[in-house]
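Below is one structure, written out as C-alpha cells; comments come after it.
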Amino acid sequence: MTSIRKKLVTDVQANKVTYGKGNVKKYIVVHETDNTRSGADADAHARLQSNGNSRSASWHYTVDDKEAVQSFEHVWRCWAAGSNKGNNEGIQVEICVNADGNYLKAMQNAAELVAKIMKDEGISIGNVVQHNHFSGKNCPRNMREGKISWSQFITMIKNASGDVQQPAPIADNNKYRVLTGTYATKQAAENTQDVLKHRFGWVAYIEPDGAKWRVKTGTFTGMATAQAGANKIKTAKLAQVANVVAA
C-alpha cells in the first residue's frame, strides 16, 4: 500500500474553499491535476492547499508516484467535481501528471488509495467515477485519452482491493470408482477388500480378471474425490496400482 501522509488544511481555510462539513461520501471522484510542470507532485499540491489556494478549488487527496497526501478529512465537501452532487457526495482524488514523475506508478498508487477509501467508507466499485461523470469536463484527461484506460484503472483498483473475480469452479458430479491392479490369489484380494470395508468404511467388491483378481470400490462423486481415494489405497500399500474409472 502506498504511504498516506496527512497535511490537513486548517478549518479556517477549509471554510473558504469548501461547502463545509457534511459530505455524504457516496462516491470517489477521480481527477488528474493536468499540471505537467516538473516538481508538481503530491507534496507541492498539498502545500498549495495548506498555504491557501488562490483558486476556488479544493480536493481531499493528491497522489503521485511516491505517496498520497491528504489535505481534507472525508467529511468536508470539497470544490472539485463541478456539480453540487459531486461536491456534496464525493471524496476527491487528484492524480499527479508532473513530467518528472512516473505516471504508471502514480496510477498504481492511486488505485491502492481508492481501494483503501472504498474499504474505509463502504463505497462500491460502481461509485468510483471520473470527474467527467458530474461535470462533463475532460478529466482525468490522460486516462480518457487511453494512456491508461479507465477500465484498466478499475482493474487495478480491484487487484489492490483483492476484489478480482475468480472463475467459479466447475462442479464435477460424475461418479467414479477406483479399480486396483491384479492380485495373484483371491485371498490377497479379499484382504484388501476387508481393509477398505472395515478400516476405510468403503463399499468394495472383488472381480475376477482372468486367473487373477482385482478389487473395485463403490462410487465416488467427482474425479478429485476418486483420485484421493486411489492415493489413499496406494499410500496404505494395499495395491501398487489404483486407477480411477467411470462408474
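The values are calculated or read from the model by the stated rules, or taken from the named source; none is laboratory data. None of the values given here were measured: they were computed from a predicted structure. For neighbour counting, all protein chains shown are included, and Cβ atoms are generated from backbone atoms with ideal geometry for every residue, glycine included.
List of remarks:
- Yes/no for ALA236 being out of contact with any Ser or Thr (no Cβ under 6 Å at 6 or more places or on another chain), buried (at least 16 other Cβ atoms within 10 Å of the Cβ) and aliphatic (A, V, I, L, M): no
- Matching entry among ALA44, ALA81, ALA57 (being touching a Gly at 6+ places or on another chain (Cβ under 6 Å) and within 25 Å of ASP11 (Cα to Cα)): ALA81
- Against the numbered list (1) crowded, with 23+ Cβ neighbours inside 10 Å; (2) within 28 Å of the chain's Cα centre (by Cα); (3) at pLDDT below 95, GLN49 comes up short only at (2).
- Candidates THR180, THR155, filtered to the one that is among the polar types (S, T, N, Q) and farther than 26 Å from VAL30 by Cβ: THR180
- Close pairs from the range 115-130: first in contact (Cβ under 8 Å) with a residue 60 or more places away in the chain, partner aromatic (Phe, Trp, Tyr), Cβ under 6 Å, at least 6 apart: ASN127/TYR27; VAL129/TYR27
- If you check SER58, SER38 for being in a loop (DSSP other than H, G, I, E, B) and at pLDDT 95 or above, only one passes: SER58.
- Of all residues making up the range 68-88, the number that are charged (D, E, K, R) and buried (at least 18 other Cβ atoms within 10 Å of the Cβ): 1
- Every residue from the range 116-133 that is touching a Lys or Arg at 6+ places or on another chain (Cβ under 8 Å), hydrophobic (A, V, I, L, M, F, W, C) and either closer than 14 Å to VAL93 by Cα or not in a helix (DSSP H, G or I) (or both): ILE123
- Matching residues in the range 67-102 - criterion: being out of contact with any His (no Cβ under 7 Å at 6 or more places or on another chain), part of a loop (DSSP other than H, G, I, E, B), without any contact (Cβ under 8 Å) to a residue 60 or more places away in the chain and not β-branched (Val, Ile, Thr): SER83, ASN102
- Enumeration of residues in the range 142-158 that are within 24 Å of LYS119 (Cα to Cα) and free of Cβ contacts under 8 Å to residues at least 60 places away in the same chain: ILE148, SER149, TRP150, SER151, GLN152, ILE154, THR155, MET156, ILE157, LYS158
- Of the set (1) at pLDDT below 90; (2) within 30 Å of GLN92 (Cβ to Cβ); (3) not acidic (Asp, Glu), all apply to PRO169 but (2).
- Contact map, the range 1-24: residues that are in a strand (DSSP E or B) paired with residues that are polar (S, T, N, Q), Cβ distance under 7 Å, separation 6+ or inter-chain. Pairs shown: ILE4/GLN70; LYS6/GLN70; THR18/SER58; TYR19/ASN87; TYR19/ASN88.
- Output for the range 167-211, where each listed residue is among the hydroxyl-bearing types (Ser, Thr, Tyr), surrounded by 15 or more Cβ atoms within 10 Å (Cβ to Cβ) and part of a loop (DSSP other than H, G, I, E, B): THR182
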